[in-house]
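Structure first, then comments.
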Amino acid sequence: MAADGLRHEFKVVVVTGVPGVGKTTVLSELAKIAESRGVKIKVSNFGTYMLETALKEGIVDDRDKIRTLPLRKQLELQRLAAQAIVRDAARELGSDGVLIVDTHALVKTSAGYWPGLPRHVLDELKPDMIAVIEASPEEIAARQARDRSRYRADMGGVEGVRRLLEEARTASIASAVHYASTVAFIENREGKASEAAMQLLQLIEKL
Ligand code: AP5
């Protein structure tokens, strides 16, 4: 571990954003560009780790149901996911490369807004950077509506997205304080996911 326990040997970039803003799309573009520029990355989706455990336990059948589980259960899944992500990254990356974690700074659960990056998660991830992917509330609501593969009706349309965008911004900054992470805001403009990916990669190269 580098920097007296404040960092992992590999770099860690946590990517957050309102559901449907396009995090996963931007990160698949990033994976292509990173390879061509010789940057070794591993992208891990936090929700997928939570889902794997929840599926094994037979408590959900869909990733969009995780946020409706009892909060104590979500907390347990959150803790296990953070530990497993770092364990897998250490095995794969060793002392080199960049772990990218696709997740949320704030989750809209049935019991209220809930931090995706509370201290116990940060103690595992120790992020060098928290990147916040953004777009206008109107664009995000339109992407949510177009993406039929997911259930996002509980996000509350344009007004619900606007509120979540503002609160998630604040939550990202609050989370950054614990491990002195930088916070970067990246616009994922309509039809320009590869530009957002390039902007993110250029920031990662400066870490
Ligand atoms: P997860 O599946 O990560 O949540 P999500 O944000 O709802 O879904 P995505 O990440 O798939 O959305 P996205 O923003 O990446 O959008 P996409 O690229 O698909 O997590 C599932 C659950 O896990 C959460 O609900 C939560 O319960 C739990 N969880 C996760 N992290 C947690 C944590 N830390 N703590 C506790 N719980 C946690 O794009 C959407 C659409 O937009 C697509 O159709 C795409 O084609 C389109 N699009 C994207 N970019 C553009 C563009 N530039 N122009 C036009 N269209 C675009």
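Whenever a residue of the stretch 20-38 is among the hydrophobic types (A, V, I, L, M, F, W, C), its partners that are near the ligand (Cβ under 6 Å from one of its atoms), lying with C-beta atoms within less than 9 angstrom and at least six residues away or across chains, give the pairs Val21/Arg143; Val21/Asn188; Val26/Gly17; Val26/Asn188; Val26/Ala193; Leu27/Asn45; Leu27/Asp102.
Within the stretch 173-189, is there a residue that is within 11 Å of the ligand (Cβ to nearest atom), farther than 17 Å from Ala105 by Cα and out of contact with any Lys or Arg (no Cβ under 9 Å at 6 or more places or on another chain)? Within the stretch 173-189 (the criterion being within 11 Å of the ligand (Cβ to nearest atom), farther than 17 Å from Ala105 by Cα and out of contact with any Lys or Arg (no Cβ under 9 Å at 6 or more places or on another chain)), the answer is yes, since at least one residue qualifies. Just a yes or no: is a residue in the stretch 108-127 more than 11 Å from the ligand (Cβ to nearest atom), in contact with a strand residue (DSSP E or B) (Cβ under 9 Å, 6 or more places away or on another chain) and basic (Lys, Arg)? Yes - at least one qualifying residue is present in the stretch 108-127. Within the stretch 148-172, take every residue that is surrounded by 13 or more Cβ atoms within 10 Å (Cβ to Cβ) and of a type in the set (A, V, I, L, M) and give me the one that is farthest from the ligand (Cβ to nearest atom). Applying the filter and picking the extreme gives Val158. In the condition set (1) within 13 Å of the ligand (Cβ to nearest atom); (2) over 22 Å from Asp128 (Cα atoms); (3) touching a helix residue (DSSP H, G or I) at 6+ places or on another chain (Cβ under 8 Å), Asp61 is compliant with all but (1).
Each value in this text was obtained by applying a stated rule to the coordinates, not by laboratory testing. Note that the structure is a prediction, hence the values are computed from the model and not measured. So basically every Cβ, Gly included, is an ideal-geometry build from the backbone, and we count neighbours across all protein chains shown.
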